[in-house]
Structures are given as structure tokens and as C-alpha cells.
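S.K.: This structure is in C-alpha cells; I'll ask about it shortly.
The values are calculated or read from the model by the stated rules, or taken from the named source; none is laboratory data. All values reported here derive from a predicted model rather than from experimental measurement. A quick note on method: Cβ atoms are made from the backbone with ideal geometry, for glycine too, and the neighbour counts reach across all protein chains shown. Heavy atoms of the whole protein, side chains included, go into the accessibility calculation; ligands, DNA and RNA do not. Shrake-Rupley method; radii C 1.70, N 1.55, O 1.52, S 1.80 Å.
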Amino acid sequence: MYSSKKTYTVEEALAKLQSYCAYQDRCHKEVAQKLKEMRVISQASEQIIIELIEGDFLNEERFATLFAGGHFRIKQWGKSKIQYALQQKRVSPVNIKKALKSIDLDDYNTTLLYLAKKKWNSLKGERGLSRMAKTQAFLYQRGFESALIQPILQQLNKAK
């Protein structure tokens, strides 16, 4: 948390937030929180946010797409978990939908199968239903959809 008693002019706050947004894409909620930490009054905050949007420092669609792609590739999250995280960041439903569509379906299915096999193989000592239930719970927790999980589990159970 930012604890300095420093006060900022609108120009100083704008410059600070431009570099904050240029370093890494941010959502509106993060920028608003940063302005609050800087103790900028609400009228000035609104003006700064408008200027950041006009200068393309703040772009919700770009943020959502990069967030979804990164969390899928790096953390191997499913679409449900990504959607929930974006909702927590107060990203608009339209931009969430665009971000989820940007994830390649073949890569998504390949990652799901990889994670399912990896978890399934780590549970070698488990009996059939317990093994299925634990693998299913793991994949749900990762944010993958049940409609995609079920066929893979049946395939793995038959292949044992």
C-alpha cells in the first residue's frame, strides 16, 4: 500500500500513471486503485483516466486479451477461471467474451488433455472412480468446462 503523504498535481499524477500503464497493461480498476492510493480527488481521477484512454495507455480490450492469453499459456488456466478473474477486475462482459475467443481452441484442448493425463498418471495408486473424481476436481479447479472434461475422463478411464 502506498503510504506517502505526498500530494500530486494532475500533471504529475498523469505522468506517473502513464509510466505505470506503459510498463504493463492495466485494467480500469487497477488504475482507479492507484489513483486512490495517490490520494487524487475524484474529479481529477476521472480526467486522468479519460486522458489515459485517449492516449491509448489504458485499453480494456487489450488488457483482457493479454490477460486471458497469458493466464492460459503460463498458468494453464481454463476459460471459466479466466472469466471469473476478469470479472473480479470489473472488465466489461463484451471484452471478456472477446478475450476468451482469442484463445486458440486447438491449444486449449491440447492443454486440457495434457493436464488431464498428467494428473491421471500422478494418481496411479487410486481406484477408478476416486481417480476420475480427483482428476475432474483438479480440472474444474483449473477452470476447464465440464462439457470438455467428461469425454477426456471417459477416454482415460477406458485406456487404463
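S.K.: Give me the extension gain from residue 97 to residue 134: residue separation times 0.36 nm, minus the current Cα-Cα distance, reported in nm with one decimal.
M.R.: That works out to 10.4 nm of additional length.
S.K.: In nm, give the distance between the simple-model label positions of residue 84 and residue 18, each being 7 Å from the Cα along the Cα-to-Cβ direction.
M.R.: So the label points at residue 84 and residue 18 sit 3.9 nm apart.
S.K.: Please state the relative contact order of segment 17-59 as a whole percent: Cα pairs under 8 Å, 6+ residues apart?
M.R.: Dividing the mean separation by the residue count of segment 17-59 yields 58 percent.
S.K.: Quote the FRET efficiency, to the nearest 0.05, computed for residue 62 versus residue 39 with a Förster distance R0 of 35 Å and r equal to the Cβ-Cβ distance.
M.R.: With R0 = 35 Å, the Cβ-Cβ based efficiency is 0.80.
S.K.: Return the inverse of the average 1/r over all pairs of distinct C-alpha atoms in segment 1-78, which is the Kirkwood hydrodynamic radius, in Å to one decimal.
M.R.: 13.3
S.K.: Between residue 126 and residue 46, 0.36 nm times their residue separation minus their Cα-Cα distance comes to what? Working shown, then result.
M.R.: Working: separation 80, 0.36 × 80 = 28.80 nm, distance 5.63 nm.
Here the segment from residue 126 to residue 46 would lengthen by 23.2 nm.
S.K.: Here is a follow-up. What is the percent carbon and sulfur in the accessible area of segment 18-135, measuring with a 1.4 Å probe over the protein chains and ignoring ligands?
M.R.: Carbon and sulfur atoms account for 52 percent of the accessible area of segment 18-135.
S.K.: Provide the solvent-accessible area of residue 35, counting protein heavy atoms only and rolling a 1.4 Å probe, rounded to the nearest 10 Å².
M.R.: Number for this one is 0 Å².
S.K.: In this model, which of 118/158; 98/158; 29/118; 79/117; 16/101; 34/98 are farther than 28 Å apart at the alpha-carbon?
M.R.: 98/158; 29/118; 16/101
S.K.: Kindly list the residues of segment 130-160 that lie in the label zone of residue 117, defined by a backbone N under 12 Å from the point 7 Å along the Cα-to-C-beta vector.
M.R.: 156
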